[in-house]
1. Can you tell me which residue in the range 27-69 is modelled with the highest pLDDT, limited to those that are acidic (Asp, Glu) and under 20 Å from residue 12 (Cα atoms)?
2. Take the range 87-130 and flag every residue that is over 20 Å from residue 16 (Cβ atoms), part of a helix (DSSP H, G or I) and basic (Lys, Arg).
3. Exactly one of (1) surrounded by 18 or more Cβ atoms within 10 Å (Cβ to Cβ); (2) modelled with pLDDT under 95; (3) under 24 Å from residue 20 (Cβ atoms) is unmet by residue 133. Its number?
4. Kindly list, by first and then second residue, each pair from a residue in the range 112-133 that is under 18 Å from residue 86 (Cβ atoms) to a residue that is open to solvent by 100 Å² or more (accessible area, probe 1.4 Å) and of a type in the set (Ser, Thr, Tyr), limited to pairs with Cβ atoms under 9 Å and residues at least 6 apart or on different chains.
5. Yes or no: residue 114 surrounded by 15 or more Cβ atoms within 10 Å (Cβ to Cβ), modelled with pLDDT of 95 or more and touching a Ser or Thr at 6+ places or on another chain (Cβ under 6 Å)?
6. Does the range 81-109 hold any residues that are over 16 Å from the mean Cα position of the chain (by Cα), open to solvent by 50 Å² or more (accessible area, probe 1.4 Å) and at pLDDT 80 or above, and which are they?
7. Going by the conditions given, is residue 72 surrounded by 10 or more Cβ atoms within 10 Å (Cβ to Cβ) and modelled with pLDDT of 95 or more?
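The values are calculated or read from the model by the stated rules, or taken from the named source; none is laboratory data. On a predicted model such as this, the values are computed, not experimentally measured, just so you know. All Cβ positions, even for glycine, are placed from backbone atoms using ideal geometry, and neighbour counts span all protein chains on display. Each accessible area value is taken on the protein alone, full model and side chains, heavy atoms only, with ligands, DNA and RNA left out. Shrake-Rupley method; radii C 1.70, N 1.55, O 1.52, S 1.80 Å.
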Amino acid sequence: MAETLGSLADKLTIKDIREFHLRQMLERKDRKFSQKDLKAKLRLLNSQKQDLVKEIDEFVFSAYKFKLRLRDEKLKLYNALQEMGRIPQTRSLGAAISGLAEKNLQLWHLEDEARRKDVNLAYVGKVKNRIDIANQQRNDFIDRIDELFDQMVREHFRKKSK
């Protein structure tokens, strides 16, 4: 399966973060890209976001028509079991999406920290370890979104069949 609601929400939150940072760059005087280039990037990003929002709406509509598989089990082999599932046990789809957005923002800043040129490799290694944990939590939020949405759709069909 290509996409799930969790993976689509993940892409949208990352695009939102990218948009925020592009707009910040536009306001700064010490830009690393020209204003023309930044505006072009924002236009492209806006178009991508519109397509993604449409894709999310179509996904949800199709899910309630029961025309697609809602969950995709991941088979990641590189993460330690003790690092998996270390997110708050939320019962709300909105809270899970919010947690995913927060985790993506944390990852954005950790990646920036890992790219610093003024720190030693030991420091970068510590940051990379934090990135691994945060990325696992990001994937756990994606899985939780998919699980909660699957429950919502199944409950809808249970009520509808009564």
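1. Looking at residues that are acidic (Asp, Glu) and under 20 Å from residue 12 (Cα atoms), I get 51.
2. Result: 126, 128, 130.
3. Here residue 133 clears every test but (1).
4. That search, which allows pairs on different chains as well, returns 132/78.
5. no
6. Listed by number, the residues that qualify are 89, 91, 92.
7. It is false that residue 72 is surrounded by 10 or more Cβ atoms within 10 Å (Cβ to Cβ) and modelled with pLDDT of 95 or more.
Matching residues to (1) part of a helix (DSSP H, G or I); (2) open to solvent by 30 Å² or more (accessible area, probe 1.4 Å); (3) hydrophobic (A, V, I, L, M, F, W, C):
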{"residue": "3", "(1), (2), (3)": "no, yes, no"}
{"residue": "8", "(1), (2), (3)": "yes, no, yes"}
{"residue": "12", "(1), (2), (3)": "yes, yes, yes"}
{"residue": "15", "(1), (2), (3)": "yes, yes, no"}
{"residue": "19", "(1), (2), (3)": "yes, yes, no"}
{"residue": "26", "(1), (2), (3)": "yes, yes, yes"}
{"residue": "32", "(1), (2), (3)": "no, yes, no"}
{"residue": "37", "(1), (2), (3)": "yes, yes, no"}
{"residue": "40", "(1), (2), (3)": "yes, yes, yes"}
